[in-house]
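The values are calculated or read from the model by the stated rules, or taken from the named source; none is laboratory data. The shown structure was predicted, so the numbers you read here are calculated from the model rather than taken from an experiment. Methodologically, a virtual Cβ is constructed for each residue, glycine included, from the backbone with ideal geometry; neighbour enumeration extends over all protein chains shown.
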Amino acid sequence: MWRNALTPKSLFLTLTATCFVGFRLHALLSADSLGVFPDTDAYLNVAERSIFSLGFWAHKPAGLPLLVKVSGGNVHVVVWLQWVLSCVAWICFAHAMYVSQRSFLRFLGWVVALMLGLGTQFCGWDSVVLSESLAVTCSVAAISAWILWSKSPNVKNRWMVCLVTLIWIMTRDIHAYLGSLIAFVLLVHCVWRKRLGHEFALSATLLAWALIQLHFATLGQRFLFPVQNVMSMRIWVDPDRVAYFQQEGMPWNAQVQKHAGESAGEYVHQPYMVPMANWLLERGKGAYAGFLISEAEWATEALFEPTTLNQLVRPGIQTYFPVGFDPPLGESWNNWLTLRRFPHAVLLLGMWLAGVLFVLSRRPDRYVAIGTFAIFFPGAFLVYHGDAIEVARHSLTVSLFFCLGFWLMAFQCVDEWMRRLQGFVASASGYILDDSGEASAQSRMASKELRQ
């Protein structure tokens with residue numbers, strides 16, 4: 001049994017995974033302290049509430065508070081749990097990359113996936129007690145689960161997809177919005193293709209859960225502070241935009257005007273700003289959504305300005321990491337692997353890869369790769385227009401989808417081209433390729449008989 005297990009392939013995979021865990025452990029232990037911020041206290045306070053209370057679900061996304069509860073409220077245990085879950089998620093993603101290839105590329109895909117898991121902007125959050133580490137972990141796990149389900153749509157993988165995606169939706173508000181969009185698209189696909197069985201039930205479950213999380217966010221007024229940032233920093237600084245919102249009933253006077261260009265933290269506690277807060281709670285979301293629709297050209301073009309796209313694709317978040325944090329990868333390796341160089345060129349290349357992959361193959365795992373990359377566009381829109389401060393931190397998982405989706409498509413395009421090239425050569429030799437990309441035993445025997 002042991003002789004069969006210790007094959008060169010298994011030794012290679014085990015050794016590289018062990019090295020990955022070692023590098024991640026070194027990065028975790030290199031930090032001099034834990035990363036604690038004002039938001040950390042807010043999450044810890046929510047975790048002290050009963051899980052059956054509205055306050056637990058309404059005041060903050062429930063992912064991190066649930067992890068804090070599991071850890072018994074000990075932030076050091078939280079950090080170690082974040083590290084363990086992150087390592088497991090990235091190894092699962094490496095496995096998904098491995099099984100989605102049908103050639104020697106599977107070994108290269110395994111290594112690239114693990115190296116991506118060593119990216120500074122992904123592994124640096126392990127020692128920070130915020131929702132980012134869990135958000136990255138669940139995003140990676142969700143992508144892995146969908147790939148594995150697309151390769152093997154059995155009951156076990158379907159339940160894994162459902163569970164991981166439900167947890168992913170709870171980690172950040174933007175995931176609830178994206179989850180509802182993904183589930184809606186899947187529902188339309190199921191109805192269109194008349195697949196009203198397990199796939200329809202899964203999509204309906206995800207949509208219902210995402211809408212429930214968005215309802216909790218509304219009850220907790222979690223949108224208020226970000227919208228106040230957007231109003232004061234992007235709307236009040238432009239007379240034409242102010243005029244639009246005045247027509248929607250926005251209160252406007254000299255006291256409000258003097259806060260144009262400031263963040264909401266500078267004025268939210270002022271008594272004379274209460275009418276503005278009340279208007280935002282009652283009509284603000286609808287008015288802002290109408291404004292973005294009416295100014296769709298500006299809202300879209302703003303995403304692709306060099307400064308904005310840099311924030312969305314290559315977020316500068318090292319300032320959040322504890323003192324002493326030692327990134328596993330050098331800056332040059334990190335920038336190339338995580339696509340931090342030439343974001344506009346990578347974006348165009350990614351769109352081209354998506355088109356080529358769509359034409360070359362109709363395999364379900366190809367659609368998962370294209371979908372992972374495509375999530376970047378609605379995600380970037382929601383992040384940029386959802387808040388005017390800390391855009392780089394809020395775009396963390398958006399940049400993750402951009403990066404992982406690009407690499408998935410790149411490997412699968414090359415794999416498909418190699419598959420077609422092997423098929424051409426094999427057909428010329430009288431072979432028939434099986435699903436693994438190798439000539440089947442029957443075709444080898446038949447070809448041998450013909451030659452004889």
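Note on region 1-63: enclosed helices (runs of 4 or more DSSP H) holding 2 or more residues that are in contact (Cβ under 8 Å) with a residue 24 or more places away in the chain and under 24 Å from the mean Cα position of the chain (by Cα) are 8-30, 38-47, 54-58. The helices (runs of 4 or more DSSP H) located wholly in region 259-303 that include 3 or more residues which are at pLDDT 90 or above and under 17 Å from E248 (Cβ atoms) occupy 274-279, 285-294. Scanning region 254-270 turns up no residue that is among the aliphatic types (A, V, I, L, M), within 30 Å of V161 (Cβ to Cβ) and either exposed (fewer than 14 other Cβ atoms within 10 Å of the Cβ) or out of contact with any Pro (no Cβ under 8 Å at 6 or more places or on another chain) (or both).
The single condition among (1) part of a helix (DSSP H, G or I); (2) on the phi > 0 side of the Ramachandran plot; (3) not acidic (D, E) that G249 does not meet is (1). Of the residues making up region 96-113, those that are part of a helix (DSSP H, G or I) and surrounded by 23 or more Cβ atoms within 10 Å (Cβ to Cβ) are A96, M97, G109, W110, A113. Can V391 be described as surrounded by fewer than 23 Cβ atoms within 10 Å (Cβ to Cβ) and either touching a strand residue (DSSP E or B) at 6+ places or on another chain (Cβ under 9 Å) or more than 21 Å from F122 (Cα to Cα) (or both)? Answer is no for this residue. Taking the stated definitions as given, is F184 in contact with a Cys (Cβ under 8 Å, 6 or more places away or on another chain), surrounded by 14 or more Cβ atoms within 10 Å (Cβ to Cβ), assigned to a helix (DSSP H, G or I) and not hydroxyl-bearing (S, T, Y)? Criteria not met by F184. Total residues in region 216-251 satisfying the condition of being within 25 Å of R393 (Cβ to Cβ), surrounded by fewer than 17 Cβ atoms within 10 Å (Cβ to Cβ) and free of Cβ contacts under 8 Å to residues at least 40 places away in the same chain: the figure is 2. In the set (1) touching a Lys or Arg at 6+ places or on another chain (Cβ under 7 Å); (2) more than 30 Å from L421 (Cβ to Cβ), the condition left unmet by V99 is number (2). In the set (1) modelled with pLDDT of 95 or more; (2) within 19 Å of V313 (Cα to Cα), the condition left unmet by I167 is number (2). Going by the structure shown, is A135 crowded, with 19+ Cβ neighbours inside 10 Å and either touching a Leu at 6+ places or on another chain (Cβ under 6 Å) or of a type in the set (D, E) (or both)? Against the criterion (crowded, with 19+ Cβ neighbours inside 10 Å and either touching a Leu at 6+ places or on another chain (Cβ under 6 Å) or of a type in the set (D, E) (or both)), A135 does not qualify.
Which ones in region 323-339 are over 19 Å from F23 (Cβ atoms) and either modelled with pLDDT of 85 or more or out of contact with any helix residue (DSSP H, G or I) (no Cβ under 7 Å at 6 or more places or on another chain) (or both)? Selection gives V323 alone. For first residues located in region 160-183 and in contact (Cβ under 8 Å) with a residue 24 or more places away in the chain, partners that are of a type in the set (G, A, S) and not in a helix (DSSP H, G or I) and lie 6+ apart or on another chain with Cβ distances below 8 Å form the pairs M170/A62; T171/S131; R172/S131.
Restricting region 393-452 to residues that are hydroxyl-bearing (S, T, Y) and modelled with pLDDT under 65, the residue that is nearest to G117 (Cα to Cα) is S436. Out of R340, R314, R363, one residue alone is surrounded by fewer than 18 Cβ atoms within 10 Å (Cβ to Cβ) and of a type in the set (D, E, K, R). It is R363. Looking only at residues of region 141-171 that are out of contact with any Gly (no Cβ under 9 Å at 6 or more places or on another chain), of a type in the set (S, T, N, Q) and assigned to a helix (DSSP H, G or I), we find that the one that is nearest to L214 (Cα to Cα) is S144.
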